[in-house]
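See below for the structure under consideration.
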Amino acid sequence: MTWRVFTVSLTVLLSLTACVSQTPMPPGQGMLHSSYPIRQLNGEPASPTIRRGAFRVWIPEGPQQFTVRYPTLSGDYDCRFELDVVAGQRYDILHRTLPEPLVVFQWHEQTDLWARRSDPVLPYECEWLSR
Amino acid sequence: MRQILSLPYILLCALAANNAVAQTPELPPVLGITLADIRQATIAFVNGNTIPGVQGADLHIQTDDRQGTHLRSSLGFGADVTLPNSTVGLFWGGALISGTLEESHWFTDDSVPIARLDVDREISGLRAAAGVFAPWNRWSRFRLYYSAVYSELNTQSGLLMYESLPQEVINDLDAIFFTSDVTSLSSSLTAQLEWFHYWGEAKWEVDAKYSSIYTDTRSETSQHLDTWAWSDVAQAELSVTVPSRFRPFSQALQVQMYTQYSDFLGLPKAALGYTYYFETGLIAEWEVNLKPLDLFGLRMVGLKAGYIAGDDVTGYSVGLVLK
């Protein structure tokens, strides 16, 4: 049946085009990769770039503080993190149904076909900003 | 005589062949079913396997005049995609669906058995979904999405007549076996509300879903199955998830207890043999946090076991759960 051929072909095509890749990083820097706006880095306004629908900002190695905003229809949450950044490490900031709305994971490229996230870190506080 | 809804395609095609007319004639009144009943049952079976939210299960229907086994399975995914600088995001998903049905219907006239109809069905389909989502606050999220389902249904029916039927009817209706093929295209709009909250370490979740479905069927072998219908389905689930101290394969293990209610609103019971059911069970899930192909995240892998009970339907659901 033609729809089965289409389904298999689409699956193969997606598999060939969607491969995991590691972004090269400057020496002594890690990277924050976030689905949500990165507002502040160590108390200063952050200037993230947007690539493939995600916010990215380089972050120096060592103990760092940063703020990420989780937007909702009724208001926003500014979640503040403390993180000991390792050079060359990518950190993914995601939403999870946890006691706090955002969480930071370490991202590890396993093979060209899949990556793994580990060592979740919750924010030490999330401030509610009503609309 | 008790009216029984069933799918005797064989009768219709046999009558059509004998009469050599374009229109499919009505069934003999003694059986108590009509072409409209057959169309309704066909669409109900398509929707019962393909609509969003319907998961794999092994169902058993048992009444005084009906007995059947309905197996359905699906392999699918759904993913929320956040957009930069936007509260509203995108949702997309898809699924491969399959199902089988084996059932027997007994026709009676004043408690005297007239005939038995055996029906075997197979359905396979492909569903794609796209829509939007938005969090209301940190505890709740609303999702609205459109789904399109293409499916192909094959039915084989056999009618066994008993001697008590009037002779003139028996002359027309002998034991006949017939195969019909139907293609179906369904469009549905689903509104979904998710809410969760923590009390201590336990996470309580509510997931409510309402789908309105338009189904259009076509058949080259059975003209009376060129039809369409609107249907509505409501589902609600309550679950509680608690962490365990076990870490198999060095990954955190959680246990979720859930109760889910599914209601095929406005559907006559005879179309599927049931109109609602509850499913209660357990899911043991491991947190894996993988991202295959950089397309979507795989948060949990779990094993599920659930028991199903409804109006004249029982069953179980066992399988792998990917979140």
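What to note about this one:
- Remark: the B:Ala229-B:Val112 segment gains 38.7 nm on full extension, using 0.36 nm per residue and subtracting the alpha carbon distance.
- Mean partner shielding of peptide A:67-76, defined as the number of other chain Cβ atoms within 10 Å of each residue Cβ, is 4.
- In the stretch B:256-300, burial by the other protein chains removes 50 Å² or more of accessible area from B:Asn289, B:Leu290, B:Lys291, B:Leu293, B:Asp294, compared with the chain on its own (1.4 Å probe, ligands and nucleic acids ignored).
- The accessible surface of the stretch B:7-322, taken with every protein chain in place and a 1.4 Å probe, is 59 percent carbon and sulfur.
- The residues of the stretch B:180-323 expose on average 49 square angstrom of accessible surface per residue, using a 1.4 Å probe on protein heavy atoms.
- Accessible area expressed per residue, the stretch B:63-139, with surrounding protein chains retained (probe 1.4 Å, Å²): 45
- Chain B against chain A buries an accessible area of about 3100 Å², both chains summed, 1.4 Å probe radius.
- Distances between placed amide hydrogens fall under 5 Å for A:Gln40 paired with A:Ala46, A:Thr67, all partners being 5 or more residues away or on another chain.
- Cα gyration tensor shape for the stretch A:36-85, rounded if a/c is under 1.5, else prolate or oblate: oblate
- Compactness of the stretch B:7-322, expressed as Rg and Dmax over alpha-carbon positions, Å: 22.6, 76
- Largest to smallest accessible area among B:Trp139, B:Trp195 [probe 1.4 Å]: B:Trp195, B:Trp139
- Of all DSSP bridge pairs formed entirely within the stretch A:26-130, close to 90 percent run antiparallel.
- Per residue accessible area in Å² of the stretch A:53-131, where ligands, DNA and RNA are left out and the probe is 1.4 Å: 43
- Label zone at A:Ser118 (point 7 Å along Cα-to-Cβ), backbone N below 13 Å, the stretch A:40-77: none
- Surrounding net charge for B:Asp312, when Lys and Arg each add one and Asp and Glu each subtract one, Cβ distance under 10 Å: 0
- Going from the chain on its own to the full set of protein chains, the stretch B:127-145 has these residues losing 50 Å² or more of accessible surface (heavy atoms, 1.4 Å probe, no ligands, DNA or RNA): B:Trp136, B:Arg138.
The values are calculated or read from the model by the stated rules, or taken from the named source; none is laboratory data. Everything numeric in this text was worked out from a predicted model, so none of it was measured. Glycine gets a Cβ as well: all are built from the backbone with ideal geometry, and neighbour counts include every protein chain shown. With ligands, DNA and RNA removed, areas are computed over all heavy atoms of the protein, side chains included. Shrake-Rupley method; radii C 1.70, N 1.55, O 1.52, S 1.80 Å.
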